[in-house]
Amino acid sequence: MRTIAVWSKWVQAPEARMVSLSSSRLAEAQRLLTLGLALIAGLGQGSLALGAYPAAAQQATPADAPPVPDATAGDEDAMSSNSSPIFADEPAPVPASLDELIPTDAVANPDAWAASGVADTTPVATPGETLADGTDPSSDDPLDGFLPPPSPQLQPAIDSVFAAFELETPEPLPADPALEALAWIEAPQLGDLPELTETRLGSALVIALPAAEGAFPERDEFIQRFKDLSTLDALDDGEDSAPQVAARAREDEELLGNILRTYGYYDGEVVRQLSGGRRARADDGEAQQDAEAAASEPSVRFDVLPGTRYRFGRIDLGALPTLPEPEATRLIEAFGIEPGDPLYADRIVEQELELRVALGETGYPFAQLSEPELLIDHARSEGDLTLDVMPRGKYVFGDVVSNDPRFLSGRHLSRIARFDQGDVFQQSLETDLRRAILATGLVSSVAITPRETRAPQDGVPGEVALDVELERAPLRTIAGAIGYGTEDGFKLEGRWEHRNLFPPEGALRLRGILGTREALASVGVRRNNFLGRDQVLTVDLFASDITTLAVDSRGGGMRATFEKVSNILFQKPISWQVGGELIYTDERNRDVRISPDLTTPRQAFLVGGLFGSVTLDESDDLLDPTQGYRATLFVAPEASRTQGTESFYLRSQVDAAYYQSIGSTVLAGRVRAATIQGAGIDDVAPSRRLYGGGGASVRGYGFQGVGPRDIFGIPTGGASLVEFALEARVQTPLFDDAVEVVPFIDAGSVARGSTPDFNEIRFGAGIGLRYKTTFGPIRVDVAVPLNKTQFDSPVVVYVSLGQAF
C-alpha cells in the first residue's frame, strides 16, 4: 500500500510541470510585445530612461552634495563622481587568501558545521509589500515604474495590435482508452498498521515485528535466522562502517522478504527506514549533538508486516498413492505434509528427505523423486505442491558380489552383513555393510551398487545383488614407540603386522618391548569377523620378563580368546569374551635383599585356566559416555602347581559405572569388587593376586601401590579388593566447549583374605582436564593421596586416552 501511494503521487507531477512551463512562455511573449509596442508608439522615452538612469540619480542628489567635476577632468574622476551616488555602499574587501573564506565553525568542528547546513538567504516577500528598491514583487513586467500610461487616442490602435495576437481555442484531444482505464483504478485502502515491538540486534540494526500474541508465531525463529544471515548485523561498529550501511540495508531488506516467504508469508511487507548519515539543522546545543550523532552513527530499522500466512493446498505425490496398502499409507504418512498445514519451505525439503529415506527402507532402491514444485495462489492464500514420485518396484536382497574375491570374497562379505538373502531391501543395511568393510582396515575405498537380478512381477518383489567394488589398502604396518616414565623407566617398543596374510582378514603380528622394567617378545595371529560380524579369534605366544612395584616375573605362555567386541563404529549393548591360557612363570614379590648375601627366593608356577566375561553397555558413547550405565562380570577358574602342590581357585570381578548429565555437567560414578576364592594367598602366584592403585584404580597412588605390604614395604597383593570413584565432568567454553574440568575423589582397599575387611582403605583426590577429540577425550589427571604412607609420592600425574571409566 505504501508503494501504490507513492506511485499515485508520482503520476500528478508531470501535469503540474507542464502548466508551469506554458505560463512562463506566455508571460515572456507578453513582455516582449509590450516593449515593442512602447518603442513603436513613440514611448521610447521610457526605454531611454534606462540609459539615463545615472543622470536621473545624479539630479536626485541632495543640495549639499559636492559639485559635479568639470567635463574636462579625467575619465576616472568623472566615473568616480558619477558612480558614487548609485553605488553608495563600499564593496567588501577581497580576501588575501582562500583560507579566509573558510568559516571558523568549519575549522573547529567540521562534522557539526556540515550537518548544520546553509541558511536560506533569499528574501521573502508578503503580498502587498514592496521591496527596498520600490518594486512590487507581484509584478512580472520589468517596465513598471518607467513607462507612463498610454494616451487615450492611442488605446484603440494598441487594442487592434493585440487583437492580431489572439490565440484560437484549441480543439480537445480524442479520448485515450489507456488513460481512461487508468483513471478508473481504485485508490488503495490504507488500513491501520499493527502495533510493533522493537528488537535491537546491534548498534546499527533494529527490527520491529507485530506485538500481538499469535500474530507472528515464528517470531523467535525468524529473528534468529535473520541474525545469522544479516549483513548489517555482521558489520563492525564505528564511523568507517557508515558508508556501507545503506548498501547492506538494501540487501537485508531483500533477505527479510525471502525469510518471510520461507515461513509462508507471501503477502508480507518490509519497510526500511535509514536514519543518520545526512545533514540536519541544529538550532540549539541538544539538536546539535543529535545532528552529530546522526551523522556519525547511522542505523537501520525494518518494520516487518507478515500479513496472511499461506497454507498448503493440493498435494500431488505422483505414483506414490498407487502402491499397495499398507505401504502407500505409510509412505504418505512418512512425507507428513497435508493440505491446510502452514506453508513452510524448509519443511518441504525436510519431508522430501524423509520420504527418500522411507522409500529406501521399504524396499524401493531405484525410486526417483523429481524436484518439488510449488504453485502459489494468492486468491486462496494457498500453495499447491507437486512432488512427482516414481517408486519403480519393490526388491529384496540377493547375493553380495565382490570384485576381488581372493582378497575379500563375497561369501565373507555376506557373513559380516546384517541382512540375509531374501530380506526386504533397506538402504541403511547397505550403508552399514559399507561401513563394516571400511572398518576392516584392509581397503581404502568401497562402492556398493544395487543391481537388478530379477524384476518384480505379479506382486512378487524383485531381487537385487550388491556389487561391491573395493580398492586394497596397504596391508603391512611397522610401528614403534620410545618413552620414559617415573615408574616404568626407559621403554622401547616395536611392532610389525600384516593384516591379511591369511585371507580373509587373517593377520600376523610380531611385537617386542625392551625397557628398564619390562622385556617382551610375542607372536600373534588374529582373525577378524570370524564366523560372524565383530567376532575375533586371537592366539598369542609370548615370553616376558617383567618387574613392577610388587612383582618380579620371568616366564612365557600361550593365550587364546574368542570374543564379540564393541568398537567405536558399532557399540553393542552386549559383548562377551571366552578363552583359555597356559603359563609358566618363575616369580617372586619384588627382588629385595633380606641380608647382605641373601635375596627373596623365586618360586616357579604352572598356571592353566579358562576365563570368560560379559558386558552390558547402555551408555551413549564408548569413549566419552554422558548417560546410561555399564556392567561387566569376569570369571576365571584356574589351577596352579608350585613346589609339588596343586591349588584350585576362582578369580572373579564385577565392575559397574553409571553416568548422569545435569545440564552441561556429567556426574560419573564407579564401583569395583574382586575376590579370589578357594586358595590361600600364598598358593596364588604374585602376578595373579589383586592390587590397587594407578590411573584406572585409585588415583593419587602408584600402580599396585594400594594394599598390604611386607616388612620391607613391598606390596604383597591380596585376595579381595573394593574400589569406589566419583567425578564431575564440567564443560567449559574453552576451545569451542572442547575442554572439561574434572574434580574427582577415589577410594580403595585390598585385603589378604578373600573377604574385604577395609582395615587399610586409601583415599585420593585431585582435578583433571579432558580435551575432546574425534577419537575420544585426552585425559590428564593430577591427584594427591589423602592418607598417604611413607611409600607414596605427594603428587601423581596420569595421562591417557579416554575417560578414567
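The values are calculated or read from the model by the stated rules, or taken from the named source; none is laboratory data. Just so it is clear, the model here is predicted, and its values are computed rather than measured. All Cβ positions, glycine included, derive from the backbone under ideal geometry; neighbour counts span all protein chains shown. Heads up: the accessible areas ignore ligands, DNA and RNA and are worked out on the full protein's heavy atoms, side chains in. Shrake-Rupley method; radii C 1.70, N 1.55, O 1.52, S 1.80 Å.
State whether one or more residues within segment 723-743 are open to solvent by less than 10 Å² (accessible area, probe 1.4 Å) and over 49 Å from the mean Cα position of the chain (by Cα). No, segment 723-743 contains no residue that is open to solvent by less than 10 Å² (accessible area, probe 1.4 Å) and over 49 Å from the mean Cα position of the chain (by Cα). Taking every residue in segment 353-379 that is in contact (Cβ under 8 Å) with a residue 12 or more places away in the chain and pairing it with any residue that is open to solvent by 30 Å² or more (accessible area, probe 1.4 Å) and of a type in the set (Phe, Trp, Tyr), at least 6 positions away or on another chain, the pairs with Cβ-Cβ distances below 6 Å are 376/266.
For segment 653-666, which positions are open to solvent by less than 70 Å² (accessible area, probe 1.4 Å), under 30 Å from residue 741 (Cβ atoms) and assigned to a strand (DSSP E or B)? Quick ask: steps written out before the conclusion?
Taking segment 653-666 first, the residues open to solvent by less than 70 Å² (accessible area, probe 1.4 Å) are 653, 655-657, 659-661, 664-666.
Okay, now just the ones that are also under 30 Å from residue 741 (Cβ atoms), so 655-657, 659-661, 664-666.
Within segment 653-666, 655, 656, 657, 659, 660, 661, 665, 666 meet the criteria.
Remark: pairs (first residue in segment 632-652, assigned to a strand (DSSP E or B); second residue of a type in the set (Val, Ile, Thr) and surrounded by fewer than 17 Cβ atoms within 10 Å (Cβ to Cβ); Cβ separation under 6 Å; 6+ apart in sequence or on different chains) = 633/614; 633/654; 652/635. Residues that are open to solvent by 20 Å² or more (accessible area, probe 1.4 Å) and under 15 Å from residue 548 (Cα atoms): does segment 669-688 have at least one? Within segment 669-688, one or more residues are open to solvent by 20 Å² or more (accessible area, probe 1.4 Å) and under 15 Å from residue 548 (Cα atoms). Hey, among the residues in segment 451-492 that are among the hydroxyl-bearing types (Ser, Thr, Tyr) and modelled with pLDDT under 85, which one's farthest from the chain's Cα centre (by Cα)? Out of the qualifying residues, it is 486. The C-beta contact set for segment 391-407 (first residue in contact (Cβ under 8 Å) with a residue 60 or more places away in the chain and under 21 Å from residue 368 (Cβ atoms), second residue open to solvent by 10 Å² or more (accessible area, probe 1.4 Å) and part of a strand (DSSP E or B), distance under 6 angstrom, 6+ apart or interchain) comprises 396/424; 396/463. Candidates 739, 698, 684: the one that is modelled with pLDDT of 90 or more and farther than 29 Å from residue 664 by Cα is 684.
Name every residue in segment 744-786 that is open to solvent by 70 Å² or more (accessible area, probe 1.4 Å) and within 14 Å of residue 690 (Cβ to Cβ), in order of residue number. Answer for segment 744-786, where residues must be open to solvent by 70 Å² or more (accessible area, probe 1.4 Å) and within 14 Å of residue 690 (Cβ to Cβ): 752, 755, 757, 760. Out of all the residues in segment 633-649, is one or more open to solvent by 50 Å² or more (accessible area, probe 1.4 Å), farther than 29 Å from residue 758 by Cβ and within 38 Å of the chain's Cα centre (by Cα)? The answer is no, given that none of the residues of segment 633-649 is open to solvent by 50 Å² or more (accessible area, probe 1.4 Å), farther than 29 Å from residue 758 by Cβ and within 38 Å of the chain's Cα centre (by Cα).
Meeting the requirement of 2 or more residues that are touching a helix residue (DSSP H, G or I) at 6+ places or on another chain (Cβ under 9 Å) and surrounded by fewer than 18 Cβ atoms within 10 Å (Cβ to Cβ), the helices (runs of 4 or more DSSP H) wholly within segment 319-432 are 327-335, 345-361. Go through segment 559-598 and count every residue that is at pLDDT below 75, among the aliphatic types (A, V, I, L, M) and open to solvent by less than 40 Å² (accessible area, probe 1.4 Å). Going through segment 559-598 one residue at a time, the tally reaches 1.
Pairs linking a residue in segment 441-469 that is farther than 15 Å from residue 417 by Cβ to a residue that is of a type in the set (Gly, Ala, Ser) and open to solvent by 40 Å² or more (accessible area, probe 1.4 Å), with Cβ atoms under 6 Å and 6 or more positions apart or on different chains, are 462/455; 469/447.
For segment 790-805, the set of residues classified as of a type outside the set (A, V, I, L, M, F, W, C) and without any contact (Cβ under 8 Å) to a residue 60 or more places away in the chain consists of 794 only.
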